[in-house]
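Here is the structure we will look at, set down as structure tokens.
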Amino acid sequence: MTRLLREPLLHFFLLGTVLFGVYGWLQGGVQSSPSEIVVSRGQVQSLQMQFERVWQRPATADELQGLIDGWIKEEILYREGIAMALDRDDPVVRRRVGQKLEFILDSAAPASATDAELQAWLEAHPADYRIEPMYSLRQVFFDPARHGDKLNADIVAARSSLESGRLIEGDPTLLPLEMNAARATDVARVFGNEFVEGLRTAEIGRWHGPMRSDFGVHLVELSQRQNGGRATLNDVRAEVERDLLHARAEDAKAAVYEKLRANYRVRFEAARPASGPAG
């Protein structure tokens, strides 16, 4: 019984039944002949709600009548188009109908996952959930173009001043002077990968440098470093559950398609075109 309840095709048909019921409600439960158009109470309510969502107010009587007249015109043109087989071999119509079916399949929410299933997924994809190193730092920037041949001497003097507790502003820059609890990727996005590599082994609580970035050189004081590593389920539960349920939904869609595909035989009326240009 549990296996049956997990069957994707069963979910698909149950959802289809629900959607059919909703459609019936919109039609007010009234069956009409091909030449009769029934404007159901549900259809009028739907038009009213669509108007309110767009305009943030109820429609006036004249506006509502205009909506109803527009819907009737659209229904008449649609029926006439179907009668003339204008929907046949139309790539736009084919795509739209296919998208609607995809939407139905996407709407079937997969069953929630147990802790054991989440843990198994995490163990199967550890690299996707590794915890990044995090750094808290402050930096003093030096523009090589401003200092020329005196760059190294100026950096040595500045570092000596900083180590003795004196404040050094460095050269003007739009770079952040401090970053707190920043992930390694965020630091790399600002300063570059070479800069981050220097932080991996930097001693905490001391000034280091010169450390190169994509913009110049820096003196850097690292106040905190949290090493990255393999995540536990408690660390990344939300991400793991999101990815696992997404994978289940994709598998369910693929299973439904395979079952539907098995009902069809594909025949080519002519030989398939050659893969390359004719010689």
Original post:
Which FRET efficiency, nearest 0.05, do Ala127 and Asp149 yield, Cβ-Cβ r, R0 45 Å?
Top reply: 0.45
Subject >> Residue-wise HN-Hα coupling along segment 180-197, computed from phi with Karplus coefficients 6.51, -1.76, 1.60 (Hz; x: Gly, Pro) >> reply: 10, 6, 8, 5, 4, 5, 5, 5, 5, 5, 8, 9, x, 5, 4, 4, 5, 4
**OP:** Provide the solvent-accessible area of Thr201, counting protein heavy atoms only and rolling a 1.4 Å probe, rounded to the nearest 10 Å².
**Re:** 120
Original post:
Can you give the accessible area of Tyr257, probe radius 1.4 Å, in Å² rounded to 10?
Top reply: 120
Subject >> Rounded Å value of the spacing that divides the Cα centres of segment 73-121 and segment 139-208 >> reply: 55
Subject >> For segment 73-83, 3J(HN,Hα) per residue [Karplus equation, 6.51 cos²θ - 1.76 cosθ + 1.60, θ = phi - 60°, Hz, x = Gly/Pro] >> reply: 4, 5, 5, 4, 5, 5, 5, 5, x, 5, 4
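The values are calculated or read from the model by the stated rules, or taken from the named source; none is laboratory data. The structure displayed is predicted, hence computed values, not measured ones. Every residue, glycine among them, receives a Cβ derived from its backbone with ideal geometry; neighbour counts consider all protein chains shown. What goes into the accessible areas is simple: the full protein's heavy atoms, side chains included, and nothing from ligands, DNA or RNA. Shrake-Rupley method; radii C 1.70, N 1.55, O 1.52, S 1.80 Å.
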